[in-house]
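Novice: Below: one structure in structure tokens.
The values are calculated or read from the model by the stated rules, or taken from the named source; none is laboratory data. Keep in mind that what you see is a predicted model, and the values were worked out from it rather than measured. Cβ: placed from backbone, ideal geometry, glycine included. Neighbour counts: every protein chain shown.
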Amino acid sequence: MTTSPPRRSPRTPLASPWITVQEAAAYLGVGVDTIYDACAKRGLKHVKLGHATIRLQRAWVDAWAEQHGAKVTT
């Protein structure tokens with residue numbers, strides 16, 4: 001008897017390097033408008049799929065945050 005691998009729930013995302021604008025905003029603790037503005041004006045690397053779908057890679061978000069984040073002094 002062979003067993004098939006467990007099925008993934010349609011709601012369970014596959015491990016992917018891609019994140020949505022909403023996920024990027026939550027990750028950085030900023031509003032989605034900040035992410036959209038960064039994509040449009042300030043060089044946040046992204047991929048546009050179709051008319052309105054934007055995807056980012058977490059590494060791109062990290063790099064952008066490092067360049068544009070506020071400097072913290074102690």
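Novice: In the range 24-49, what residues are in a strand (DSSP E or B) and aliphatic (A, V, I, L, M)? Give the derivation first.
Specialist: Within the range 24-49, the first condition is being in a strand (DSSP E or B), and the residues that meet it are 47-49.
Once the filter is applied, which keeps residues that are in a strand (DSSP E or B) and aliphatic (A, V, I, L, M), the range 24-49 yields VAL47, LEU49.
Novice: Same structure again: Take the range 50-74 and flag every residue that is modelled with pLDDT under 90 and either under 23 Å from ALA15 (Cβ atoms) or not in a helix (DSSP H, G or I) (or both).
Specialist: Of everything in the range 50-74, those that are modelled with pLDDT under 90 and either under 23 Å from ALA15 (Cβ atoms) or not in a helix (DSSP H, G or I) (or both) turn out to be GLY50, HIS51, ALA52, GLY69, ALA70, LYS71, VAL72, THR73, THR74.
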